[in-house]
Amino acid sequence: MSEKGIAVNISRRLGEMLVSSGLITSAQLTEVLEMQRTSGGKLGQLLVHKKFIDERKLLEFLSRQFGIEFVDLRGVAIKDEVLKIIPENIARRYGLVAVAKEDNKLKVAMEDPLNIVVLDDLKMMTGFDIKPVFGAESDINEAIDKNYGTKTSKEALDDILRKTVNGTTDVSLVEEDANKGGGDDLISLEATGEAAPIIKMVNLIISSAIKAHASDIHIEPTYKETKVRFRIDGVLHVQPSPPKKFHNAIVSRLKIMSTLDISERRLPQDGRSKLRIEDHEVDLRVSILPCGPGEKVVMRILDSSGLKLRLEDLGMEPENLAIFAKCLKAPHGINLVTGPTGSGKSTTLYSALATLNAPDVNIVTIEDPIEYQLEGINQVMVNNDVGLTFAAGLRSFLRQDPDVIMVGEIRDFETMSTAINAAMTGHLVFSTLHTNDAPGAIARIGMMGIEPFLTSSTLLMVVAQRLVRGICKNCKETYEVTPELLVSLGVPKPLLDNNIKNGKIILSRGRGCEICANTGYKGRMGIHEILEVNDALRALIIEKAHTSRIKEAARKNGMITLRESALRKLFTGATTVEEVIRVTGSDVD
């Protein structure tokens with residue numbers, strides 16, 4: 001039997017004992033055992049998390065069953081000489097705290113006093129005989145924060161500032177209601193005069209992310225600490241983090257900034273805020289998700305100052321750019337952009353709209369949400385609560401005499417059908433789909449229930465795209481590789497032959513420097529795969545041909561695949577082999 005199976009069986013026996021004692025019901029046990037079977041975790045923690053049993057009642061029950069003492073830490077004063085026997089990092093890692101010592105015995109309150117491995121490690125580390133006792137997890141964490149970490153929020157802010165390069169708190173909320181309540185956590189901090197440092201701490205995290213050109217900020221609680229990570233050029237990087245005890249106050253502050261319900265901690269929430277940093281404004285899209293250790297926050301940074309709307313800035317190969325520009329000039333039809341979240345689809349769509357934007361062109365968009373405000377374009381935001389969906393908005397647009405329509409995303413038959421109807425009645429339509437490549441979009445449309453003859457008569461092009469990291473120009477260096485190495489990585493031989501000089505191939509990489517945070521990369525660029533629908537492809541669409549046949553026909557028609565687009569950037573010294581493999585690893589024939 002597997003370890004997971006053994007754990008579930010032990011949990012079942014323990015749970016049956018709890019049911020027999022009347023502390024939980026059979027239905028509650030069944031629900032939690034199913035959670036444990038699918039997601040893992042300890043039975044006790046799951047029962048407490050679901051609020052099926054009070055944590056202290058559970059520990060008192062376990063204390064009686066196993067004959068191990070339970071200590072209520074809320075009223076225990078721990079001496080410094082006892083506390084320092086176990087280092088703080090060990091106490092936080094294993095969820096324990098030393099509470100008393102007598103002769104050669106050390107009493108240790110633990111979340112799991114039955115963990116023999118940890119007990120042996122403690123004995124070897126301290127030289128004491130360990131007497132384990134049960135302690136409530138929340139009490140242990142509070143005792144660790146209280147006795148080890150006595151920093152005020154001001155001291156914690158100063159500590160983060162010291163660790164942060166070019167740190168600043170010069171961030172202000174564009175519109176903030178001074179009468180809003182601060183939430184339980186901020187109210188308690190206001191009583192001790194610590195609310196202002198918390199606000200500065202949040203501002204510091206946001207301003208540091210903006211200056212680092214991060215696209216997202218992750219503030220993640222664990223049972224031991226709070227993590228802060230920035231997504232820079234598509235990759236997450238760990239940042240200096242505040243102490244765990246300030247996590248709830250930071251979340252409360254972010255809720256206030258985003259006009260969210262500060263008292264709701266059980267349900268996910270989404271909000272927005274507009275900030276001013278230095279001389280420009282930045283939009284934040286805030287998502288809050290309740291997790292076991294607390295609420296996780298992810299903020300998407302939408303900085304319009306860095307938005308490039310010229311087609312030439314999209315990084316397309318000349319052949320792709322020519323097809324893209326040609327399809328923009330069509331009087332009617334559908335142009336689709338595909339790719340995963342964070343692949344630059346919005347930038348491509350906004351660039352297309354900016355190119356078409358003119359006084360004699362009526363452009364309307366429906367988005368969820370509106371990421372960037374474009375002058376001269378009518379932008380509508382989805383509001384599902386009142387029935388304003390993509391499909392509903394699109395139907396309304398047809399009565400607004402538009403020339404160009406942009407739909408943020410097509411997810412279902414109704415929206416796709418309405419978009420096709422718009423294209424057939426003389427409108428140029430832009431939208432996005434979630435597919436892995438351009439030929440896959442045709443199959444995706446078919447899965448929505450759209451008849452092939454409608455797709456073939458309205459679809460103009462499909463753009464699939466990704467973003468690869470560019471090499472830092474400050475620390476860029478060249479090196480030689482053998483053709484055999486690149487062949488083993490799946491690089492086509494004809495492409496190699498065009499780039500061989502004296503039997504070697506010259507590639508580039510970044511050494512790592514202060515400017516690129518020692519990553520060797522700075523900024524990102526697009527790679528594109530553009531499928532233009534011609535007569536041959538229309539015939540295949542009507543035949544309901546397999547995606548592989550459509551891809552083969554498109555390549556014969558000159559389509560550059562995502563992998564080929566990335567390799568072109570590799571051989572021009574714009575990116576690295578590692579990036580090509582990371583981003584286009586699945587795009588291999």
When only Cα pairs under 8 Å and 6 or more residues apart are kept, what is the percent relative contact order across region 58-152? 32 percent
Restricting to DSSP H runs of at least four residues, report the calculated mean residue ellipticity at 222 nm for the chain, -39500 (n - 2.57) per run over all residues, nearest 500 deg cm²/dmol. -12000 deg cm²/dmol
Can you list the lysines whose alpha carbon is less than 25 Å from that of Lys57, not counting same-chain residues fewer than 8 positions off? Lys42, Lys107, Lys131, Lys146, Lys224, Lys245
With every protein chain in place, what's the accessible area of His213 (1.4 Å probe, Å², nearest 10)? 130 Å²
Percent antiparallel among DSSP beta bridges with both residues in the chain, to the nearest 5? 65 percent
Expressed in nm to one decimal, what extension gain is obtained for the pair Lys57 and Lys211 from 0.36 nm per residue of sequence separation less their Cα-Cα distance? 50.5 nm
Among the GluC sites (Glu not before Pro) in region 543-579, which ones are in a DSSP loop with at most 13 other Cβ atoms within 10 Å of the Cβ? Mind listing them? Glu543
Rel. contact order, % - alpha carbon contacts under 8 angstrom, at least six apart, the chain: 8 percent
Which value, in Å² and to the nearest 10, is the accessible area of Tyr521 when all protein chains are kept and the probe is 1.4 Å? 30 Å²
Loop-located trypsin sites (Lys or Arg not before Pro) in region 39-90, at most 15 other Cβ atoms within 10 Å (DSSP): Lys42, Lys50, Lys51, Lys79, Lys84
Taking the chain as a whole, which cysteines find no other cysteine Cβ under 4.7 angstrom from their Cβ? Cys291, Cys327
Test of the criteria: in region 323-368, which trypsin sites (Lys or Arg not before Pro) are in a DSSP loop and have at most 10 other Cβ atoms within 10 angstrom of their Cβ? Lys329
Projecting the Cα atoms of Met416, Ile370, His427 onto the charge dipole of region 352-468, where Lys and Arg contribute +1 and Asp and Glu -1 at Cβ, the residue farthest towards the positive end is Met416
Share of accessible surface on carbon and sulfur in the chain, whole %, 1.4 Å probe and ligands ignored, is 50 percent
Report the full-extension gain for the segment Lys123 to Ala196: residue separation times 0.36 nm, less the Cα-Cα distance, to one decimal in nm. 21.9 nm
Net +/- balance of residues flanking Lys326 in space, Cβ distance below 14 Å, scoring K and R +1, D and E -1: -1
Positive minus negative residues near Asn557 (Lys, Arg vs Asp, Glu; Cβ under 13 Å): 0
Reduced Cα scattering model of region 284-356, Debye log10 I(q)/I(0), q = 0.21 Å⁻¹: -0.99
Scoring only Lys, Arg, Asp and Glu (+1, +1, -1, -1) among other residues with Cβ under 13 Å from the Cβ of Val235 yields +2
Segment Thr478-Arg265, extension gain: residue separation times 0.36 nm, minus the distance between their alpha carbons: 71.5 nm
Relative to the compact globular guide of 2.2 N^0.38 Å, what is the alpha carbon radius of gyration of the chain, as a ratio? 1.18
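The values are calculated or read from the model by the stated rules, or taken from the named source; none is laboratory data. Quick caveat: nothing in here was measured; it's all calculated off a predicted structure. Glycine also receives a Cβ, built like all others from the backbone with ideal geometry; neighbour counts cover every protein chain displayed. To get the accessible areas, we keep the full protein, side chains included, count just its heavy atoms, and leave off ligands, DNA and RNA. Shrake-Rupley method; radii C 1.70, N 1.55, O 1.52, S 1.80 Å.
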